Amino acid sequence: MVQAYGADTGNDRAEPRRTGSGSRFRDLRDRWIRDKGIWRRGIALAVCAVLLTLVMVFHADIPNTIGNLGSLTETFLPWIGVFVPLLLILGLVRRSATALIALLLPVVVWLNLFGGLMLSDKSGSGGDLTVATHNVNADNPDPAGTARQVADSGADIVALEELPSGKVSAYEAALADRFPYHSVQGTVGLWSKYPMSDTRPVDIKMGWTRAMRSTVATPKGEVAVYVAHLPSVRVKLHAGFTANQRDDSADALGEAIADERLGKVILLGDLNGTMNDRSLNEVTSQMRSTQGAAGDGFGFSWPASFPMARIDQIMVKGVEPMSSWTLPATDSDHLPIAARVEL
């Protein structure tokens, strides 16, 4: 008779191979350690990581002489960070230690520039005055609904930009019950719960009125409120970032604010530029962004369907920002924004 045994009962049998996650990690680590090409591969990826770092560190030195390239870079500067995960994946696929170590450079610089905005909420409680601003879009199909949405923020002062003459009455009617004082100058308007005086257009070198100022008599004293809609910018293949008219208007607006007799100033509007854009220096150098000082996150406002930049701004001088936020979308291509300040 032949007997067959299906198992060896001896003590020298092999142990089963471990297939847990820890074992897989050790196998991967061992393969990387034994791989002699780990430092030679991925040199191009490492160079890309260094270039990203240089762009972020020296963005102010990128010249505007060719297509306003510097301003274009600064407008979308936070989005440079999206290349980091891409380089990380490519570095892992290539099994390149050189690329992965080089990637630490843009990560550290990006976190230094924008980590505070992304990882912290600087908003506080309190404040004397709530303000809001919205580029309502000239083609907005529901002016009354849009106006009511912005008013529902609880704002004491509301600024609207891109008001077409044929729709001004619709905005006025929708806001009349909540704001007894208002003025429309050209394509911008200001609505207030408190008395307004010395209201006039501000010349920003455009040939028609897209900026204004008014003295608002709040319970905490007079405040100069400016509303502005700077010229649009375009990205064109043959001309680059066409922003020259916007830049000239920003300089004119900055001069007007610098000449303001009141010590407390609030600027509301669509500046068609971010706080990083050097071309707005005449304005940004003398005022604080409420979002930067007291906001939560980047506060991107445009385009409303997928916000990529904060080109709508609330800025202050002689006034303390307490909180700043974006409001729910309306029928405009911009998001409205609001802030609460202490006078």
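Miscellaneous remarks
- Residues of the stretch 195-213 that are touching a Phe, Trp or Tyr at 6+ places or on another chain (Cβ under 8 Å) and either open to solvent by 50 Å² or more (accessible area, probe 1.4 Å) or under 27 Å from residue 245 (Cα atoms) (or both): 195, 202, 211, 212, 213.
- Among the residues of the stretch 252-282, those identified as within 22 Å of residue 136 (Cβ to Cβ) and among the β-branched types (Val, Ile, Thr) are 266, 274.
- Any hit, the stretch 150-163, residues being assigned to a strand (DSSP E or B), at pLDDT 95 or above and exposed (fewer than 15 other Cβ atoms within 10 Å of the Cβ): no
- Taken as a whole, the stretch 100-122 holds no residue that is modelled with pLDDT of 95 or more and of a type in the set (S, T, N, Q).
- Some residue of the stretch 165-181 being under 21 Å from residue 340 (Cα atoms) and crowded, with 18+ Cβ neighbours inside 10 Å: yes
- Residues that are farther than 19 Å from residue 224 by Cα and surrounded by fewer than 18 Cβ atoms within 10 Å (Cβ to Cβ) within the stretch 323-343 comprise 328, 329, 331, 333, listed in sequence order.
- Top-ranked residue in the stretch 47-72 [being assigned to a helix (DSSP H, G or I) and more than 17 Å from residue 83 (Cβ to Cβ); ranked as most open to solvent (accessible area, probe 1.4 Å)]: 61
- Scan of the stretch 126-148 for residues that are open to solvent by 40 Å² or more (accessible area, probe 1.4 Å) and in contact with a helix residue (DSSP H, G or I) (Cβ under 8 Å, 6 or more places away or on another chain), ordered by number: 148
- Residue in the stretch 75-125 that is least open to solvent (accessible area, probe 1.4 Å), counting only those that are assigned to a helix (DSSP H, G or I) and aromatic (Phe, Trp, Tyr): 114
The values are calculated or read from the model by the stated rules, or taken from the named source; none is laboratory data. Quick caveat, the model's predicted, so the values are computed rather than measured. Backbone-built Cβ (ideal geometry, glycine too); neighbour counts: all protein chains shown. We work out accessible area using only protein heavy atoms, side chains counted, and drop any ligands, DNA or RNA first. Shrake-Rupley method; radii C 1.70, N 1.55, O 1.52, S 1.80 Å.
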